Every structure is written in C-alpha cells, then in structure tokens.
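To start, the structure itself, in structure tokens.
The values are calculated or read from the model by the stated rules, or taken from the named source; none is laboratory data. A quick note: this is a predicted structure, and the numbers were derived from the prediction, not measured. Because the Cβ atoms are built from the backbone with ideal geometry, glycine has one as well, and the counts that use them run over all protein chains shown. When the accessible area is computed, the model is the full protein with side chains, heavy atoms only, and any ligands, DNA or RNA have been set aside. Shrake-Rupley method; radii C 1.70, N 1.55, O 1.52, S 1.80 Å.
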Amino acid sequence: MNESFLDEKFINFHPFDFSFGMKSENVEKLNEGEFDEDILFDFTLSFAEEVREKIIQRFYRNEAGKEEKRFAEFVLVELVRALLRMPPATFYLFLRNDRELRNVLDLKTIGNYDDFDKKRKYLKMHLDRILKRNLDTENGDIYILDLTVAESDVNKFRKGKDLKEGILDAEFIHSTTKGTVTGFQVAYLINLSKLSFEKLKIYSKHAAKKRIWKEMVIDKLGTKQEKIKTVIGDAGFFAYRNYLDSCRSRLIPVIKTRSDLEEKTLEKIEKCASNLTWFGKRYQSQLKDLLGEFEEILETTIDRVKECDGYAGLRSEIEHIFKTAKMIFGMNDMHVYNRKHCHWKAFLTLYMSSLLLQFLKINKINKNRAIPLLAQKRHLW
C-alpha cells in the first residue's frame, strides 16, 4: 500500500459513514480475477466488520467470559494482519494511523502491541476452554473428517541435547506433495453445511485410523437419540468397526470401501446389531422409533457407500480450508517443534480459514479465484 492510497483514505474518511458488506463492484472484480490495494482493503474491512458483528458482539450480548472475548479480538487482529501481510508491530503502527480500521476493529482488550503480545501468550494456555463461534449460523448435518500434515522446521535443533530433553517430538511424516517431511498429523472435523470448525487433534503417524475416527467422529458427534448426522471420510478410514459403531451412534458413515471388500462390508452393515443401550428403561418409550430409525440409518449407509465416489466433490471442500490455511495463514511455515505448539497454531490457522471461507460463501465470492489473490503470491520480477 503506497502513500497516495493512505492519503486518499484519510481525506475521504467519515467516522460513522462506512457501510457493512463488501462493495458489489469489488466482489465482481474479485470474481473476475482482478485485484488491487482498494479491493484488498475493502475485503479486509468488510470481513472484519462481519466477524465483529457476528462473533464479537454476540459474545458481549451473551455476556461471555473474558477468555472468549479476548480470543475473539485476537482472532480479529490475526485475520486482518494475515490479509494485509503485516507483522504484529507493523500492524499496530498502521492501526495507530488509520482511524477507519480502528473504528471497524474497535479493540477493547488488545488495543496496542504490548497487550496483544501478553494476551497471545495467555490464550495459548487456555485454548481448550475457549468457545468457538462462526459467521454462518445455518444448521447442517453433514460433516467431513480429514487429515493433513503440519510441517516442522527442525533446522534450529542442531544438538542432541535438545532431542534428549524432549523439546522436539515431531516425526517423519509422508506429505502427498513433498514426500517425507518432519511434522505432525493433524485431524480436522468440519460441518460442511456451515464450513464451521468442529474439532482438531494432533496425532502420531502411528495412530490407528479406528482410534482417530472414534475420538474425532463418534465421541464428538455420536448420540443415543438426537439428530442423525452424516460423516464423510476418505478410504484411509476404512474399517468395519468405523461403519458399525457409527451406525449405532446415529451417524451415517460415508467411507469409501476397498473394491475387493465392498460386498462383505455391505453385508456386515446390513446385519449390524442395534445399540443395546436403547433396551434400557431410559429409552423404553422410544424404543420402537429408535429401532425404526436405526434400520433407516443402515439402509442409507448402504446406499451411500455404494455411491461413495459421488461425494468426492463434497470432500474437496475441506481441501479449500487446508489450502487457505497454508496459502494465507502460514500453516505450511509454522516452525513448531512439539505437539502442544502445533495444536495451538493449527487450531488458530484452521479456525481462521473456516471463517474466511464462510465469508466468501456468504458474499458469493469465488473461492478458487479469491484465495490465490488474497495470498498475494505473484512475483514482482
């Protein structure tokens, strides 16, 4: 951003005269592949306004705890910083001299760099207690579970002493794009209907897929009597137990079977025993309905397993979250050395990526065009 751009903003600034939502002409330009500093700043301000209105203001209306409010403002700052490609100190220098951005952000807990740095360190310790909110509140019952690799830069560790002390617990992981790298296996669950963040967990490369499916899917989404949900996973999650345990937890698993085991898989699903819990006193009045719905779950699962290839397009949605995390929010360059730090950074980058994609969806912006442009990967020379 050059001086003439900043000067023009100051000259034309009216403190309470900015409208919510990105300008329609800039949305059209972005969808056509056009990009400049005005489009970037309009996008960034509009996105920040949306996050503040849909997330932060909701925290204050609902009298959320201090950690949630701090986290929401921290995410807001990180979103704007990432889009404007600014280090923290540079961002706060820019913020100090830009009234429009200050009005939009309206920061109450991290208004300067020192506050930001202190709160960042505090939030790391309390991450699991923080409630996540999303822009799009539309309910949906389709979920996707996927795995990605978070790489670790271990060049800093040149002495065996560091390894003995357990500072580094990264492993050699296979990346589909780079081959063998040092890093962590990140499991990520999203609600496809909302593109919302649901759960994240870091696993060893040796972790069994049955364990990952149970902890990420069944423990998170499974239920005895609540709404039936559909969960999509790739062929790596193929296991008879994953199908059967999911069905008994009122989940419809859409996992691609091995071609030589499809007939046997469908037979096992068809003969799947119901959940014994339903025969207890608690569910006696609902037993008939629960068993009837269980039969419907089995039939639907069989149909969807047969048509699993048709869900490839839906599964690609989660790839856009990973793409956004790596291209815009730096997940491919995290410089982390242990699982604790990897969890914090992966959590934040994937959460911000889901918010960004929700914003693109709400504003009907083509994500395939917008993500590379917002990443500003074009070379000058």
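Amide H contacts of Cys272: none lie under 5 Å away among residues 5 or more positions distant or on a separate chain (H built 1.01 Å from N in the peptide plane; Pro and chain starts excluded). Distance between the pseudo-spin-label points of Lys268 and Glu215 (7 Å out from Cα toward the beta carbon): 2.2 nm.
For the stretch 214-338, report the accessible area per residue in Å² (1.4 Å probe, heavy atoms, rounded to an integer).
Details: 6450 Å² over 125 residues.
Each residue of the stretch 214-338 exposes 52 Å² on average to a 1.4 Å probe.
Shape analysis of the stretch 231-381 yields a ratio of the Cα radius of gyration to the Kirkwood radius, Rg/Rh, of 1.12. Given a 1.4 Å probe and the protein chains as shown, Arg120 ends up with an accessible area of around 60 Å². Starting from the Cα of Glu293, step 7 Å toward the Cβ, then list every residue of the stretch 259-278 with an amide N under 18 Å from that point. In the stretch 259-278, the label zone of Glu293 (backbone N under 18 Å from the point 7 Å along Cα→Cβ) covers 273-278. When each of the peptides 85-95, 209-219 is scored by the mean number of other C-beta atoms lying within 10 Å of its residues, the order from highest to lowest reads 209-219, 85-95. Ordering 258-269, 197-208 by mean Cβ neighbour count within 10 Å, with the highest value first, yields 197-208, 258-269. List the residues whose amide H sits under 5 Å from the amide H of Ile232, counting only those 5 or more places along or on another chain, with H placed 1.01 Å from N in the peptide plane. Correct list: Tyr143, Ile144, Leu145, Val254.
Ranked by the mean number of other Cβ atoms within 10 Å of their residues, highest first, the peptides 271-280, 238-247, 224-233, 104-113 fall in the order 238-247, 224-233, 104-113, 271-280.
The lysines within cross-link reach of Lys118, meaning a Cα-to-Cα straight distance under 28 Å and a gap of 8 or more places when in the same chain, are Lys54, Lys66, Lys69, Lys108, Lys132, Lys156, Lys199, Lys201, Lys326, Lys340, Lys345. Extension gain for Ser316-Ser193 works out to 42.9 nm (0.36 nm per residue, less the C-alpha to C-alpha distance).
Set the Förster radius R0 to 51 Å, insert the Cβ-Cβ distance between Lys23 and Arg282 as r into 1/(1 + (r/R0)^6), and round the FRET efficiency to 0.05. Spell out each step's value before the answer.
Working: r = 55 Å, r/R0 = 1.09.
With a Förster radius of 51 Å, E is 0.40.
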